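K.L.:
Mind having a look at this structure? Questions to follow.
The values are calculated or read from the model by the stated rules, or taken from the named source; none is laboratory data. Note that the structure is a prediction, hence the values are computed from the model and not measured. Positions of Cβ are generated from backbone atoms using ideal geometry, with glycine treated the same way; all protein chains shown enter the neighbour counts. Accessible surface areas use protein heavy atoms only, side chains included; no ligands, DNA or RNA. Shrake-Rupley method; radii C 1.70, N 1.55, O 1.52, S 1.80 Å.
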Amino acid sequence: MSDDTHKDAATKDASAAAKDTAAKDSAGKGAAGKAEGAREFLSVRDLRIHFDTDDGLVKSVDGVSFDLKAGQTLGIVGESGSGKSVTSLGIMGLHTSDRARISGEIWLDGEELIGADKQRVRELRGQKMAMIFQDPLSALHPYYTVGAQIVEAYRVHNKADKKTARKRAVEMLDRVGIPEPARRFNDFPHQFSGGMRQRAMIAMALVNNPQLLIADEPTTALDVTVQAQILDLIRDLQKEFGSAVVMITHDLGVVAEIADRLLVMYAGRCIERGTSEQVFEHPQHPYTWGLLGSMPRIDREQTDRLVPVKGAPPSLINVPSGCAFHPRCPYADVPPDNVTRTERPELRETTGGHFSACHMTREQREKIWTEEIAPKL
Amino acid sequence: MSEPTKQATNAGPAAGAAGTEPEPLLRVTDLAKHFPITKGILKRRVGAVQAVDGLSFDVRPGETLGVVGESGCGKSTMGRLVTRLLEPTGGKVEFEGRDITHLSAGRMRPMRRDVQMIFQDPFGSLNPRHTVGGIVATPFRLQGVTPDGGVKKEVQRLLELVGLNPEHYNRYPHEFSGGQRQRIGIARALALKPKLVVADEPVSALDVSIQAQVVNLLDDLQDELGLTYVIIAHDLSVIRHVSDRIAVMYLGKIVELADRDALYSSPMHPYTKALLSAVPVPDPKRRGAKSERILLKGDVPSPISPPSGCRFHTRCWKATDVCATKEPPLLEIAPGHRTACHHPENAPDQQPQDTEKVLVTPGKPAPVPAQKKGGDEGTQEQKPAK
């Protein structure tokens, strides 16, 4: 294994990091995953989360793998129903329903989470990994004061008396930028504005200094100016504590702002993965092209028309055969023998550390991207 | 009506700059809406939410006016006032030169043909117990109009126009995805061939790829039918894409009103500048350029007791004494570019004699009267939606 490259993790040497993942992925899944588990802070291998429903088996997450080092930020992008939130809840061990079938491996700091003792996962949750949810109003309990909820999160994992815990909670509220934290400690969630609630949630998530922070659409419900504040806050806190961050969002702008690495999901599968630069500058999958074409860009010249993806995301009960994206893909007929309809494309490496799951050859995609897509964006 | 409309569409935003302004389709003067806050069984009036306070603007035929602002700035209330779904507290709304400010529901009804609305939530705005055909046909029924070739044929034509399968006439809303439902809402709004369509956050509930489809659809329909739009949204990238002119709102007031390109290339109001700088850009290379970002401190103050003078002065880095005392009027500082600021960006200072800065304490920006009222500023805009 490429051990030495790990030392460079903190430095932003993209090529070293890219080689690193490349070596790992070519080494295959199973055994390699275990060996890597100790080094990568979070390693997810072939994660599958299926739900039994009355209408059939819903394959919400169908074979997702990624790695994340301490201090790094991974962005998971996709539309609603692509499985990004289900993935994050899976990592947190929050799929408790009998109907959820989870398989694969999740290694957190060398510890396997799937199949681990429930009590142990509970200890880890909140201590080593924490989550920020999209809607802070429903994630905070309306009946308890904000302060009491943070104190509770602290005392569950630390043997601290109420006074110490309170001090710690006020400290955290102050750290996330809530004015007059000692007074606001006694406020109820409804007395906070949207942005402040999200700050309070972040304070609660970070009260135990978790090394992994999962943020599920943390800014979707917020206004742009508040969104900028919260993204800044997450970035600063990450720098301060050196934690790994998984940022789940549908907004490519937010991801470009904060993520080092990117994973694009479609219908429960990872269809493209790489560093932010790779994915934004040389996207390899037609779906990623579609996402980029769908966004009006404030930083570019005004375009006359957006270039959206046609159709709508598929139902997860009836995922299209072959490549799940083929019914919406304008290039579905480029590969020969109808292969897009019959065979599921594997995640293949294009350039160092940049993977995509598409049947087209690299040359074909390169040509389409440079000649047809990029000029229109 | 379609003649001048087409002309204006072709002339684009440039038409406004010259002296040859067409007669506005909609003219709003000093529009205000204050929602009373009452207390006790006697409904004693204890205050008012000043959701919209003194708006003036024109909408020219064939153009798209974008309205942006953060939640609680009164943009939705504005939309409901100009469509007369709400009764204004003060000011005047004129549609095609006719004063519609205080028309009764009955007198307003014939006007409704010409002014239609597209709503944000494609789930809440369609009756789940009605078929799609019934929903799109409702405007004909209410207005007593029988279109050429019968209602059913016309409804199917409309469904096709917005990109739906006309054979889905008998289906119910739950059988459609969010994007398709939004298309149904659009078909309904277009049924009576309106002149003005007010769209309140038409794409914000949709996925990115669907969002682009609906934006393109609105664009096509405007070209095809010569529609005039007022599009209300909080997404600055979307607004830039769809609008000819843009009004930026803050706490119930328009702080800047300008042509799209002027607004985005040289914003004059500090709030607009901060808003634009906060938009995340989908380009990882730009991350280093973070220093350009203006981070506003704190939250929007409560519209129950808005700050004195310029409403933005509590969060503005350029604020001086005059800002706290004197309200800046919305003045045309450059041709076609109006802004309400004493110290505008990219333009000569309106109050050069006044340079003493008001201290904006970081972390404790606004006088926080909002909190004692339960602090639900974010929802106040929605509340009066009866």
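K.L.:
Calculate the mean, over all residues of peptide A:185-193, of how many other protein chain Cβ atoms lie within 10 angstrom of the residue's Cβ.
P.N.:
4
K.L.:
To continue, here is another question. Rounded to the nearest 20 Debye, what is the dipole magnitude of the protein assembly as shown about its Cα centre when Lys and Arg each give +1 and Asp and Glu each give -1 at the C-beta? Please report the intermediate quantities before stating the final value.
P.N.:
Values: 98 positive and 97 negative charges, 523 e Å.
Computed charge dipole of the protein assembly as shown: roughly 2520 debye.
K.L.:
Using only the alpha carbon atoms of the range A:54-126, find the Kirkwood hydrodynamic radius as the inverse mean reciprocal pair distance, in angstroms to one decimal. Present the calculation step by step, with values, prior to reporting the outcome.
P.N.:
Working: mean 1/r = 0.0727 Å⁻¹.
Every distinct Cα pair counted, the radius reaches 13.8 Å.
K.L.:
Next up: Helix A:162-175 versus the longest principal axis of chain A: what angle, 0 to 90°, nearest 10, using Cα atoms?
P.N.:
50
K.L.:
Once the dipole of the range B:237-310 is set up with Lys and Arg at +1 and Asp and Glu at -1 on Cβ about the Cα centre, which of B:Leu263, B:Ser243, B:Ile294 lies farthest towards its positive end?
P.N.:
The listed residue farthest towards the positive side: B:Ile294.
K.L.:
Please give the helix A:224-241 orientation as an angle from the longest Cα principal axis of chain A, in degrees from 0 to 90, rounded to the nearest 10.
P.N.:
With rounding to tens, the tilt is 80 degrees.
K.L.:
To the nearest Å, what is the center-to-center distance of the range A:57-71 and the range B:270-332, using C-alpha atoms only?
P.N.:
Going from one Cα centre to the other spans 40 Å.
K.L.:
Got a sec? What order do A:Trp289, A:Trp107, B:Trp317 fall in by accessible area at 1.4 Å, biggest, i.e. largest, first?
P.N.:
Result of the area sort, largest leading: B:Trp317, A:Trp107, A:Trp289.
K.L.:
While we're here: Within the accessible area of the protein assembly as shown, what % is carbon and sulfur when the probe is 1.4 Å and the other protein chains stay in place?
P.N.:
After summing per-atom areas, the C and S share lands at 50 percent.
K.L.:
Another question, if that's okay. May I ask you to list the aspartates and glutamates whose Cα is less than 13 Å away from that of B:Lys152, ignoring any residue fewer than eight positions away on the same chain?
P.N.:
Of all the aspartates and glutamates, those that pass the test against B:Lys152 - Cα under 13 Å, at least 8 places apart if same chain - are B:Glu160, B:Glu167.
K.L.:
Do me a favour and compute the ellipsoid semi-axes for the range B:109-154 from its Cα gyration tensor, root of five times each eigenvalue, largest one first, whole Å. Before the final figure, lay out each step's value.
P.N.:
On the way: eigenvalues 77, 48, 13 Å².
For the range B:109-154, the semi-axes come out at 20, 16, 8 Å.
K.L.:
Could the peptides A:345-352, B:139-146, A:151-158 be put in order, highest first, of the mean number of other beta-carbon atoms found within 10 Å of their residues?
P.N.:
Numbers: A:345-352: 16.2, B:139-146: 13.4, A:151-158: 18.0.
Result, highest mean Cβ count within 10 Å first: A:151-158, A:345-352, B:139-146.
K.L.:
Give the interface area between chains A and B as buried accessible surface, both sides summed, probe 1.4 Å, in Å² to the nearest 100.
P.N.:
Values: alone 17960 and 18780 Å², together 32350 Å².
That pair of chains buries around 4400 Å² in total.
K.L.:
Nearest 5 percent is fine: what portion of the DSSP beta bridges confined to the protein assembly as shown is antiparallel?
P.N.:
Working: 62 of 99 bridges.
Taking every DSSP beta bridge within the protein assembly as shown, about 65 percent pair in antiparallel fashion.
K.L.:
Hey, another quick one. Once you've got the Cα coordinates, tell me which of B:Lys273/B:Lys297; A:Lys59/A:Lys84; A:Lys69/A:Lys239; A:Lys69/A:Lys162; A:Lys84/A:Lys128; A:Lys84/B:Lys297 are over 23 Å apart. Provide the component values of the computation, followed by the final result.
P.N.:
Values: B:Lys273/B:Lys297 14 Å; A:Lys59/A:Lys84 12 Å; A:Lys69/A:Lys239 13 Å; A:Lys69/A:Lys162 34 Å; A:Lys84/A:Lys128 21 Å; A:Lys84/B:Lys297 32 Å.
Table pairs above 23 Å Cα-Cα are A:Lys69/A:Lys162; A:Lys84/B:Lys297.
K.L.:
Residues of the range B:160-209 losing 20 Å² or more of accessible surface, assembly versus chain alone, probe 1.4 Å, please list them.
P.N.:
Buried-area filter returns B:Asp207, B:Val208, B:Ser209.
K.L.:
Projecting each Cα onto the charge dipole of the protein assembly as shown (Lys/Arg +1, Asp/Glu -1 at the beta carbon, about the Cα centre), which of B:Ser305, A:Met265, A:His354 comes out farthest on the positive side?
P.N.:
B:Ser305
K.L.:
Ok, one more. Compare the peptides B:112-122, A:73-83 by average per-residue count of other Cβ atoms within 10 angstrom and give them in order, highest first. Provide the component values of the computation, followed by the final result.
P.N.:
Numbers: B:112-122: 20.6, A:73-83: 24.0.
Highest-to-lowest ranking by the protection proxy: A:73-83, B:112-122.
K.L.:
Something else now. At what distance in angstrom do the alpha carbon centres of the range B:191-237 and the range A:115-174 lie from each other?
P.N.:
If we compute the Cα centre of each part, the gap is 43 Å.
K.L.:
Now a separate question. Counting only heavy atoms of the protein chains, get the accessible area per residue of the protein assembly as shown (1.4 Å probe) and round it to a whole Å² value. Please list the in-between numbers first.
P.N.:
On the way: 32350 Å² over 763 residues.
Accessible surface, normalised per residue, equals 42 Å².
K.L.:
Here's a follow-up. To the nearest 20 Debye, how big is the dipole of the range B:46-112 about its Cα centre, given +1 on the beta carbon of each Lys and Arg and -1 on that of each Asp and Glu?
P.N.:
Working: 9 positive and 8 negative charges, 66 e Å.
Here the size comes out at about 320 debye.
K.L.:
Over chain A, what portion of Cα pair distances is larger than 41 Å, expressed as a whole percent? Don't jump to the answer; show the numbers that get you there.
P.N.:
Details: 9663 of 70876 pairs.
Tail fraction, whole percent: 14.
K.L.:
If you split all Cα-Cα distances of the protein assembly as shown into 10 Å bins from zero, what percentages do you get per bin, shortest first?
P.N.:
Taking all Cα pairs of the protein assembly as shown, the binned fractions are 3, 13, 22, 25, 21, 12, 4, 0 percent.
K.L.:
Charges only on Cβ, +1 for Lys and Arg, -1 for Asp and Glu: so what's the dipole of the range A:141-290 about the Cα centre, in debye to the nearest 20?
P.N.:
Values: 17 positive and 18 negative charges, 178 e Å.
The calculation lands at about 860 debye.
K.L.:
If you count, for every residue in B:210-221, the Cβ atoms of partner chains within 10 Å of its Cβ, what is the mean?
P.N.:
On the way: counts 8, 7, 11, 7, 2, 5, 6, 1, 0, 3, 1, 0.
What the average comes to for B:210-221 is 4.
K.L.:
Another one. Please give the average number of partner chain Cβ atoms lying within 10 Å of the Cβ of each residue in A:258-270, rounded to a whole number. Kindly include the intermediate steps, with their values, before the conclusion.
P.N.:
Working: counts 3, 2, 2, 0, 1, 0, 0, 0, 0, 0, 0, 0, 0.
For this peptide, the per-residue mean of nearby foreign Cβ atoms is 1.
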